[in-house]
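Visitor: Can you read through this structure? Questions will come right after.
The values are calculated or read from the model by the stated rules, or taken from the named source; none is laboratory data. Predicted model only: the values in this text are computed from it and were never measured. Don't worry about glycine lacking a Cβ; one is built from the backbone with ideal geometry, like all the others, and counts go over all protein chains shown.
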């Protein structure tokens, strides 16, 4: 049994909105991640998936986002208790992150080599020559041809897929134990997406790291994650192994999210859809947050937040998932 | 055979660009965004156009709309050749071909209300008296599932899905024969995509219109399209019915695209055809078959020939399944 690398308990993230009252964007999120495992976090925009990851790496939007409660236990230490200075020793060294758009996360006016050297020197004492050798080796590892030439080039001289490879190489320089990939392939073409996802998986196995894969694409999750956490409006609605989530989804939101994707292998007349919209932040209903869009909801769903329903490790927050549930007459 | 609403033949669009240097030392090249594209769309039919970024999909949409001048080739709406028509001559024909863009945040004027947005096409095309226009606007709103309370709303007061519904209604209000849809759901959230695709399918059934549906998502294409054309670097490399493309694709590029598409099903994580590298870019297009630099089956012979679309199969129902693969039918 591999040991647990990261355990998040009851994490709550608030956002400050000018003069108005703070809103809760991530509400009581708990999950754990073992070494060498990939956790897929799925949800639509605004569901809190990126904020959850930003809280783990300590990159919440400055002055607006803050952790209002809960614990983030990473290798046994609570990251929420660390000072900004202490977090800098963790970020980039033990936890790295790659973002959706590689062009805006690379600095356009510095050469690739300069940027990689900077990332390396923050955590390790190396000479310029050593830095160049380590960087070139890492670029080769992520499948970039002629790495020595690439080091002298600028980001605009690379294609989108190559830039994302550079980002991955940079994030792996310090041999992190956790890689957070926030929509790493959403701005790339499908053939390049397949290459990048394969690369992340291969590097995870080779280096024994854990991956948090954040995406809105159920297809990406199905092919790449071991565990899946589905989020909706700031809360976890379902958590389980990838097999459980795709063969026996228990939450109506998960079921419809899977059902609303057009299939490649069959013709369908009409797609199942989720009518309505996500409730806006700060105006969350007191009961189940999916209630207003859920075809199965009952009176109890509107009044009380749903209790967890567990089958082994598979958890869902839906009353109707429990076969013992009887709607009141 | 149903009448055709759009025929394009031998479309070419070249952009002269400077690849390096300045003044006397600059090196000029030609970017071939489209290099001989031909197809027809029949009444009531949806043609899906798939390909990766930079393959010329959006350029093609703009050319068909006559938003960009064409380098060579012919565009025919119904039976009217519009390739060389002046803007003024084109005006009465605009009603017949409309467009939906990818991003409804950018395509709707933020300073106009829904009423103004929907009235604009009627006014500029001089369709109906003012009173009839109001009726038409109400009908259009109703058909996209929004009520009249939306009439005085501005785009920023609506969600992405509602905005895209308005863009759909605006394209449909002049009762066009053909709607060119350039990635109409890519900017939307997953749960909303289904709503818009369902809406587009329903409106097509009700009004008998045709779509040119441009997308990089094969799932969406399978759902909405009757025929599919696959583009690579400015050329169509395979074209056929939905079944031809999804169940019996012959071109290696189509096969690779299909296998790279993530499937939301853990029982079907099959072996992927992993392509080497990325597209060559439309400035330095490889000779012969443009795909040969990434193709797992390329041989020396693939560098020869023009890479034109070949039609290996012609069936009794008039549909054709064509592939530009130089090694067909060996593969």
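Conditions (1) more than 27 Å from residue B:242 (Cβ to Cβ); (2) modelled with pLDDT of 95 or more, marked per residue:
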position: B:113; (1), (2): yes, yes
position: B:122; (1), (2): yes, no
position: B:149; (1), (2): yes, no
position: B:163; (1), (2): yes, no
position: B:197; (1), (2): no, no
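Visitor: Just to be sure before I move on: is residue A:143 over 20 Å from residue A:94 (Cβ atoms), outside any loop (DSSP other than H, G, I, E, B), in contact with a helix residue (DSSP H, G or I) (Cβ under 7 Å, 6 or more places away or on another chain) and within 14 Å of chain B (Cβ to nearest Cβ) in the structure I sent? Spell out how you get there, then give the answer.
Guide: Details: over 20 Å from residue A:94 (Cβ atoms): yes; outside any loop (DSSP other than H, G, I, E, B): no; in contact with a helix residue (DSSP H, G or I) (Cβ under 7 Å, 6 or more places away or on another chain): yes; within 14 Å of chain B (Cβ to nearest Cβ): yes.
Considered against the rule, which asks whether it is over 20 Å from residue A:94 (Cβ atoms), outside any loop (DSSP other than H, G, I, E, B), in contact with a helix residue (DSSP H, G or I) (Cβ under 7 Å, 6 or more places away or on another chain) and within 14 Å of chain B (Cβ to nearest Cβ), residue A:143 comes out as no.
Visitor: Name the residues in the stretch B:46-67 that are surrounded by fewer than 23 Cβ atoms within 10 Å (Cβ to Cβ) and within 10 Å of another protein chain (Cβ to nearest Cβ), would you?
Guide: Scanning the stretch B:46-67 gives B:52, B:53, B:54.
Visitor: Step by step: first the residues of the stretch A:232-253, then only those that are within 11 Å of another protein chain (Cβ to nearest Cβ) and surrounded by 22 or more Cβ atoms within 10 Å (Cβ to Cβ), then the one that is nearest to residue B:268 (Cα to Cα). Which residue is that?
Guide: Result: A:245.
Visitor: Okay, next question. Quick one: is residue B:236 touching a residue at least 12 places away in the same chain (Cβ under 8 Å), under 11 Å from residue A:264 (Cβ atoms) and either in contact with a strand residue (DSSP E or B) (Cβ under 8 Å, 6 or more places away or on another chain) or not in a strand (DSSP E or B) (or both)?
Guide: Working: touching a residue at least 12 places away in the same chain (Cβ under 8 Å): yes; under 11 Å from residue A:264 (Cβ atoms): no; either in contact with a strand residue (DSSP E or B) (Cβ under 8 Å, 6 or more places away or on another chain) or not in a strand (DSSP E or B) (or both): yes.
Criteria not met by residue B:236.
Visitor: Only residues that are over 14 Å from residue A:59 (Cβ atoms) and either touching a helix residue (DSSP H, G or I) at 6+ places or on another chain (Cβ under 8 Å) or not in a strand (DSSP E or B) (or both): list them for the stretch A:75-92, please. Steps first, answer last, please.
Guide: Going through the stretch A:75-92, the residues over 14 Å from residue A:59 (Cβ atoms) turn out to be A:75-78, A:81, A:83, A:85-86, A:89.
Scanning the stretch A:75-92 gives A:75, A:76, A:81, A:83, A:85, A:86, A:89.
Visitor: Looking at (1) assigned to a helix (DSSP H, G or I); (2) under 18 Å from the mean Cα position of the chain (by Cα); (3) touching a residue at least 60 places away in the same chain (Cβ under 8 Å), can you tell me which one residue A:205 breaks?
Guide: The number of the failed condition is (2).
Visitor: Quick one: in the stretch A:297-320, of everything that is assigned to a loop (DSSP other than H, G, I, E, B) and touching a strand residue (DSSP E or B) at 6+ places or on another chain (Cβ under 9 Å), which residue is nearest to residue A:252 (Cα to Cα)?
Guide: Of the stretch A:297-320, the ones assigned to a loop (DSSP other than H, G, I, E, B) are A:297-298, A:304-308, A:312-313, A:317-318.
Still in the running and touching a strand residue (DSSP E or B) at 6+ places or on another chain (Cβ under 9 Å): A:305-306, A:308, A:312-313, A:317-318.
Numbers: A:305: 15, A:306: 13, A:308: 14, A:312: 19, A:313: 18, A:317: 10, A:318: 8 Å.
Going through the qualifying residues, I end up with A:318.
Visitor: Same structure, new question: Taking into account only those residues within the stretch B:1-24 that are more than 30 Å from residue B:41 (Cα to Cα) and surrounded by 11 or more Cβ atoms within 10 Å (Cβ to Cβ), which is nearest to the chain's Cα centre (by Cα)?
Guide: Within the stretch B:1-24, the match that is nearest to the chain's Cα centre (by Cα) is B:17.
Visitor: Pick from A:42, A:13: which is under 19 Å from residue A:79 (Cα atoms) and either crowded, with 22+ Cβ neighbours inside 10 Å or within 14 Å of chain B (Cβ to nearest Cβ) (or both)? Show your work before the answer.
Guide: Numbers: A:42 fails: under 19 Å from residue A:79 (Cα atoms).
Every option except A:13 fails the conditions.
Visitor: Further question: Name the single residue, out of those in the stretch A:165-195 being part of a loop (DSSP other than H, G, I, E, B) and within 14 Å of chain B (Cβ to nearest Cβ), that is surrounded by the most Cβ atoms within 10 Å (Cβ to Cβ). Show your work before the answer.
Guide: Within the stretch A:165-195, the first condition is being part of a loop (DSSP other than H, G, I, E, B), and the residues that meet it are A:173-177, A:183-189.
Now drop any that are not within 14 Å of chain B (Cβ to nearest Cβ), which leaves A:183-189.
On the way: A:183: 18, A:184: 27, A:185: 25, A:186: 15, A:187: 18, A:188: 24, A:189: 23.
Restricting to residues being part of a loop (DSSP other than H, G, I, E, B) and within 14 Å of chain B (Cβ to nearest Cβ), the top hit is A:184.
Visitor: So, one more: Which residue is surrounded by the fewest Cβ atoms within 10 Å (Cβ to Cβ), if the candidates are limited to the stretch A:274-290 and must be at pLDDT 85 or above and farther than 13 Å from residue A:44 by Cβ?
Guide: Among those that are at pLDDT 85 or above and farther than 13 Å from residue A:44 by Cβ, it is A:283.
Visitor: With respect to residue A:29, is the statement that it is farther than 21 Å from residue A:226 by Cβ, more than 14 Å from chain B (Cβ to nearest Cβ), part of a strand (DSSP E or B) and touching a helix residue (DSSP H, G or I) at 6+ places or on another chain (Cβ under 6 Å) true?
Guide: Numbers: farther than 21 Å from residue A:226 by Cβ: no; more than 14 Å from chain B (Cβ to nearest Cβ): yes; part of a strand (DSSP E or B): yes; touching a helix residue (DSSP H, G or I) at 6+ places or on another chain (Cβ under 6 Å): yes.
For residue A:29, the condition - farther than 21 Å from residue A:226 by Cβ, more than 14 Å from chain B (Cβ to nearest Cβ), part of a strand (DSSP E or B) and touching a helix residue (DSSP H, G or I) at 6+ places or on another chain (Cβ under 6 Å) - is not met.
Visitor: When you go through (1) buried (at least 21 other Cβ atoms within 10 Å of the Cβ); (2) within 18 Å of residue B:192 (Cα to Cα) one by one for residue B:170, which number turns out not to apply?
Guide: Among (1) buried (at least 21 other Cβ atoms within 10 Å of the Cβ); (2) within 18 Å of residue B:192 (Cα to Cα), residue B:170 violates only (2).
Visitor: What number of residues within the stretch B:253-278 are more than 8 Å from chain A (Cβ to nearest Cβ) and part of a loop (DSSP other than H, G, I, E, B)?
Guide: The number of residues fulfilling the criteria is 5.
Visitor: Test residue A:69 against the criterion of being over 22 Å from residue A:184 (Cβ atoms) and in contact with a strand residue (DSSP E or B) (Cβ under 7 Å, 6 or more places away or on another chain), and give yes or no.
Guide: Working: over 22 Å from residue A:184 (Cβ atoms): yes; in contact with a strand residue (DSSP E or B) (Cβ under 7 Å, 6 or more places away or on another chain): yes.
It is true that residue A:69 is over 22 Å from residue A:184 (Cβ atoms) and in contact with a strand residue (DSSP E or B) (Cβ under 7 Å, 6 or more places away or on another chain).
Per-residue answers, yes or no, for (1) within 12 Å of chain B (Cβ to nearest Cβ); (2) closer than 28 Å to residue A:311 by Cα; (3) outside any loop (DSSP other than H, G, I, E, B); (4) under 17 Å from the mean Cα position of the chain (by Cα):
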| position | (1), (2), (3), (4) |
| --- | --- |
| A:222 | yes, yes, yes, yes |
| A:270 | yes, no, no, no |
| A:282 | no, no, no, no |
| A:295 | no, yes, no, no |
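Visitor: Considering only the stretch A:93-115, state which residues are under 26 Å from residue A:148 (Cα atoms), within 24 Å of the chain's Cα centre (by Cα) and part of a loop (DSSP other than H, G, I, E, B). First the steps, then the outcome.
Guide: Quick first cut of the stretch A:93-115, residues under 26 Å from residue A:148 (Cα atoms) only: A:93, A:96-115.
In the following step, the residues that additionally are within 24 Å of the chain's Cα centre (by Cα) were identified as A:93, A:96-107.
Answer for the stretch A:93-115, where residues must be under 26 Å from residue A:148 (Cα atoms), within 24 Å of the chain's Cα centre (by Cα) and part of a loop (DSSP other than H, G, I, E, B): A:93, A:99, A:100, A:101, A:106, A:107.
Visitor: Of the residues B:212, B:151, B:178, only one is closer than 13 Å to residue B:50 by Cβ and more than 14 Å from chain A (Cβ to nearest Cβ); which? Write out each step before concluding.
Guide: Working: B:151 fails: closer than 13 Å to residue B:50 by Cβ; B:178 fails: closer than 13 Å to residue B:50 by Cβ.
Being closer than 13 Å to residue B:50 by Cβ and more than 14 Å from chain A (Cβ to nearest Cβ) holds for just one of B:212, B:151, B:178, which is B:212.
Visitor: Here's a follow-up. Among residues belonging to the stretch B:81-99 that are exposed (fewer than 13 other Cβ atoms within 10 Å of the Cβ) and under 16 Å from residue B:7 (Cα atoms), point out the one that is modelled with the lowest pLDDT. Spell out the reasoning first.
Guide: Step one: of the stretch B:81-99, the residues exposed (fewer than 13 other Cβ atoms within 10 Å of the Cβ) are B:81, B:84, B:86-89, B:92.
Going one step further and asking which of them are under 16 Å from residue B:7 (Cα atoms), we end up with B:81, B:84.
Values: B:81: 95, B:84: 92.
Checking each candidate, the answer is B:84.
Visitor: Still on this model: If residue B:128 passes every condition in (1) in contact with a helix residue (DSSP H, G or I) (Cβ under 7 Å, 6 or more places away or on another chain); (2) closer than 23 Å to residue B:196 by Cβ; (3) not in a helix (DSSP H, G or I) but one, which one does it miss?
Guide: Only one criterion in (1) in contact with a helix residue (DSSP H, G or I) (Cβ under 7 Å, 6 or more places away or on another chain); (2) closer than 23 Å to residue B:196 by Cβ; (3) not in a helix (DSSP H, G or I) is unmet by residue B:128, namely (2).
Visitor: Would it be correct to say that residue A:162 is within 14 Å of chain B (Cβ to nearest Cβ) and crowded, with 21+ Cβ neighbours inside 10 Å? Full working, then the answer.
Guide: Numbers: within 14 Å of chain B (Cβ to nearest Cβ): yes; crowded, with 21+ Cβ neighbours inside 10 Å: yes.
For residue A:162, the condition - within 14 Å of chain B (Cβ to nearest Cβ) and crowded, with 21+ Cβ neighbours inside 10 Å - is met.
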